Every structure is written in C-alpha cells, then in structure tokens.
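Taking it in order: structure first as structure tokens, then the write-up.
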Amino acid sequence: MRKTYQSIDDFLNDSSFKEWVLEGKHHHQWHEWTLSKDESTELMQSARLYLLAMKVDEQEIQKADVQEALGYTWEKINEQERINQGNFWLRLFKSSTLQKVAAILLVGICLVWVYQQQITPQKLLNYEQLISQQNDGLIEQANNTDKPQLITLSDGSSVLLQPNSKLSYPKLFVGNERKVYLLGEAFFEISKNPAKPFFVFANELVTKVLGTSFRIKAYKNNPNVEVVVRTGKVSISSNTSVQASDKPIVLLPNQSIRFQRKELIFDQIITINNNKPDITNQVETIEQVNFEFADVAVSQIFTTLKQAYLIEIDYPQGKLKDCYLTTSLSDQPLPEKLKIICESLGNNTRYEMNGNQIIIYSNGCN
C-alpha cells in the first residue's frame, strides 16, 4: 500500500516509517525499498531527509546531513520550476479560452486578407508583359500610319490592324494552338481549323475562336476592353493572372461585350442591330459590308473588297470586264476570299499579296 503514497505527508503519517528513520527500527523492510527506482521512492527519500532535519531536540544532526537535505530540497524545487515553466505554454495552448482567442484572430486575419484583395487594385497587364512570357520569337507589326494595315498570318487568317496599334505573332504557328497578342484595335478574320484553336491575348482578356470574324479594342490606356463579333462564335475569358470570371463568356454573331479593367468585371452582352449602335459607338466599314454576291461583276467584287479592307487591288480590267460571279465570301479571311475568286475565274488566274497591295494575274474568265 505504501507504493501508492503520493505526497511526503503520507510517509510522515506512517509510524513505521518514522520509527525506521528516527530509531532504526524495521530497517530490513524499509532499506530494501530504497533500492527500487520509482516515484514513491523519491518521495520517501524527501520525507526521510525532512524528518532528520526536524529532529533537532532528540539528537544532534550532522552538518553534512543538513546540507544534504537542503541541497536535495533545492534541487527538487528547481526541477519542479523547470517542469512548470515548460508545461505553462502547453497548458495555455490547451486551454479553451486561448483556443477561442486564436480562432477569432485567425478568422480576423483571413477577413482582412480577403478585404485587401478586394479593395487593392490588381496590376493591369500590358502588351510588353504578355509577349515577354513567350519563349518563341515573335514578329511585331506596328501601325504608325493614319490608315488600317492588312496583316496576313501563316495560317491564312487576316488581321486589319488599326492606327496606333500593335500585333505580335509567330512567323509560323506550331503545336496545337495559334496565339497572337494585340495592343490597340484590330478586326480579325480567322481561318477555320477546329483542331487548332486561335487565341487573341489583349490586356486582361483572352478570346478563343475556331474560325470567325470579330473586332477587339484593347488600347493600353483605355479603361475598357471591347469585343464585337461579326460572324461565327467566340469564347472570352479573363487572363489566368486576373481571374475575373469563373467560366468563359460566349458571344454569337452581332453580339458585343465590354470588360471594365479597373473593376475587373464584364458588362452585359449587347446585341447589335441596325437601330442600335454597336459597343464602339462608331460605324465600322468592314462589319457592314455584305459579301454575298449573286451574278455580280468581278470588278464590283474587287471594289467591295477594296472598300472593306482599305487595300489596293490591281487586276487586268480589260480581260475581266465581262466576268460575273455568284459566290458567298462571308466568314472568310481575305486570302480565302481571293482564292475563291481566282478559282471561280479559272486555272489561269492567281493573286499575290504584299501588305495592303493585291495583284491579280488572269487571262480572263472561262
């Protein structure tokens, strides 16, 4: 039962223990116990030294015994203080009050972070940052004139680049994607290739198409990015570093949308019609041109192309004056339009493109 003693007082109240310490009785019983090593043995040794220190009136205590008792007592006190100090933070952390306070602080920190994310304007991406992330060399075409410039891409797509605008694109499209980068405004007519989607990166927006015609306005200092679809269908999403929309926005023919760069939000989709001005608040020539021709003179078709694309077309007027065509050139990039016209006139007709200059070679229609 004495192995269950939990304090020094338990030993001091044991008459057999006191008789052993003070009178030497029951020595065999208690001495063997001192050889064991457990927590009660340490309590017993402390109680023994305590009795020896207090037995002044009965016998003279040796100075060495007193020093031993005091030294042992101070050692136990210091050891207990170290244990208490080490357990303080553990007990404090385990306390329910501290856990509640920690939870409140954690929630508060999260709320402050979310609030700062919402009110802190994100850095607007610019044209230079977009193209600097590309490893492949890009061709940059800048329109510093006061007229639109025609750019023909390697896949047959055509881009009508407006003044004060830039377009960066690869010399050849490799891989399973076609990517170009726009600063400013341009009208795109994309060659159809479902296996190789076409992407236009313009500030915070990415426009994905398979084959269609559309206009993008994304000038560096403009507060908005605008997209207007003429034919086909496009999918618009925010750049991955902005994440302004959870899912892409799909635009159909004669629909437009505006993206507010500062607020990082999309305006509602607008349907364009003859009675309602488009999102750009101006009439764009090429969007209004009808490319459906029924028994129309070739000379008139060339005139229509010249007006739509603001290009020059040189062709043998005498040899083609009596040639008429019935064809549909809608939703086709300019190179494809010219190819259809030449094939319709006959095998002896071909064209060459040099920027905004088109030359038609022909011996007349079949």
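The values are calculated or read from the model by the stated rules, or taken from the named source; none is laboratory data. Please read all numbers here as calculations on a predicted model, not as lab measurements. Please note: Cβ atoms are built from the backbone with ideal geometry, for glycine as well, and neighbour counts cover all protein chains shown. We work out accessible area using only protein heavy atoms, side chains counted, and drop any ligands, DNA or RNA first. Shrake-Rupley method; radii C 1.70, N 1.55, O 1.52, S 1.80 Å.
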Convert each backbone phi in the stretch 310-327 into a coupling constant with the Karplus relation 6.51 cos²θ - 1.76 cosθ + 1.60 (shift: θ = phi - 60°), then list the ³J(HN,Hα) values in order as whole Hz, x for Gly and Pro. 6, 10, 10, 10, 9, 9, x, 4, x, 6, 10, 5, 9, 9, 10, 9, 10, 7
Accessible area expressed per residue, the stretch 296-360, with surrounding protein chains retained (probe 1.4 Å, Å²): 49 Å²
Would you mind counting up the charge near residue 343? Only other residues with Cβ under 12 Å from its Cβ, with Lys and Arg at +1 and Asp and Glu at -1. +2
What accessible area per residue comes out for the stretch 173-266, rounded to a whole number of Å², with a 1.4 Å probe? 40 Å²
In whole Hz, with x marking every Gly and Pro, tabulate ³J(HN,Hα) for the stretch 166-183 from phi via Karplus 6.51 cos²θ - 1.76 cosθ + 1.60, θ = phi - 60°. 9, 9, 10, 7, x, 4, 9, 7, 10, x, 9, 9, 10, 10, 9, 10, 10, 10
Per-residue ³J(HN,Hα) for the stretch 341-354, Karplus 6.51 cos²θ - 1.76 cosθ + 1.60, θ = phi - 60°, Hz, x for Gly and Pro: 4, 5, 5, 6, 6, x, 5, 8, 10, 8, 9, 10, 10, 9
In nanometres, what is the gap between the two model label sites at residue 133 and residue 361, each 7 Å from Cα along Cα-to-Cβ? 4.4 nm
Could you state how much accessible area residue 339 has, in square angstrom rounded to the nearest 10, with a 1.4 Å probe and all protein chains kept in place? 100 Å²
What's the ranking of 200-211, 256-267 by average number of surrounding C-beta atoms within 10 Å, highest first? 200-211, 256-267
Among rounded, prolate and oblate, which fits the stretch 311-366 when a ≥ b ≥ c are the square roots of the eigenvalues of its C-alpha gyration tensor, a/c under 1.5 means rounded, and a/b larger than b/c means prolate? oblate
Taking all protein chains as present, what is the carbon and sulfur share of the accessible area of the stretch 154-215, in % to the nearest whole number, probe 1.4 Å? 55 percent
